């Protein structure tokens, strides 16, 4: 099984969303769109879910700014945090996320931990995947590292030249490391881009995790390719061989 990290394994999506809001709102103030309706602040719920969740920082920044009609220069590698370019906005988000992570740590959901321990006990190999470069740190802070055979994150993506979600490259690399064909692997994701990546990659089962539980969220996950939608990973325990809840 291949599981996304932010929002699926660790309750860190809220930290990402808050950091994006800080960065994007500063950018909108500095570069107000021509259309007054497009000047509204970044919505840490809906805008995050639709434009940046599950994507690399650069792709997420580009997607949101494009949705507001902003055409900033891309900027160069190693751009300092700020609002003068797309890469500067992405770097500003990174700066704010790291500060929030250091201050609050990483929390998990009880259902997530029960499922992972059930999979581990059943000798079902698992991989953690994330577009973020902080996945290993998050898993370590949450005491989950030992439950995964491998981790594929943003550092691996940069080193190996893997494209970000909705391209399935990160998930396919995880399946390769698990030595299991994609058709025999389940992908678990909360992001629309991640669910779409699971479908594009030809994985045997794509599970959407709906943490927001809005009228649109479960529908959107299914429309992007989820075979099953759950509100908590504990709901999957019945599918784990030998599970106490199965």
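Computed over Cα pairs, the Kirkwood radius of the chain leads via Stokes-Einstein (0.890 mPa s, 25 °C) to a diffusion coefficient of 134 µm² per second.
Computed per residue of the chain from DSSP H runs no shorter than four, each worth -39500 (n - 2.57), the mean residue ellipticity at 222 nm is -12500 deg cm²/dmol.
Restricting the calculation to Cα atoms, segment 13-104 shows an Rg/Rh of 0.94 when the hydrodynamic-style radius is the Kirkwood one. For segment 184-217 versus segment 1-80, the inter-centroid distance based on Cα atoms is 20 Å. In the elastic network of the chain, a GNM with C-alpha springs shorter than 10 Å, the most mobile of 181, 123, 197 is 123.
Counting beta carbons within 10 Å around each of 31, 134 and listing the fewest first gives the order 31, 134. Put simply, when 137-146, 224-233 are sorted by average Cβ atoms within 10 angstrom per residue, most first, you get 224-233, 137-146.
Annotation: peptides 10-17, 102-109, ranked by per-residue average of other Cβ atoms within 10 Å with the highest first, follow the order 10-17, 102-109. For residue 31 and residue 95, the FRET efficiency from 1/(1 + (r/R0)^6), where r spans their Cβ atoms and R0 equals 25 Å, is about 0.85. With respect to the chain, whose longest principal axis is taken over its alpha-carbon atoms, helix 86-104 is tilted by about 50°. Axis angle, to the nearest 10 degrees, between helix 13-30 and the longest C-alpha principal axis of the chain: 10 degrees. If you sort the three axes of the alpha carbon gyration tensor as a ≥ b ≥ c, you get a/c under 1.5 for segment 126-246, which makes it rounded. Listed by Cβ neighbour count within 10 Å, with the fewest neighbours leading, 101, 221 appear as 101, 221. Rounded, prolate or oblate for segment 179-246? Axes are the square roots of the Cα gyration tensor eigenvalues, ordered a ≥ b ≥ c, and the cut-off for rounded is a/c under 1.5. Verdict is oblate for segment 179-246.
Every number in this text was worked out from the coordinates using simple rules, so none of it is lab data. Being a predicted model, the structure only gives us computed values, none of them experimental. Positions of Cβ are generated from backbone atoms using ideal geometry, with glycine treated the same way; all protein chains shown enter the neighbour counts.
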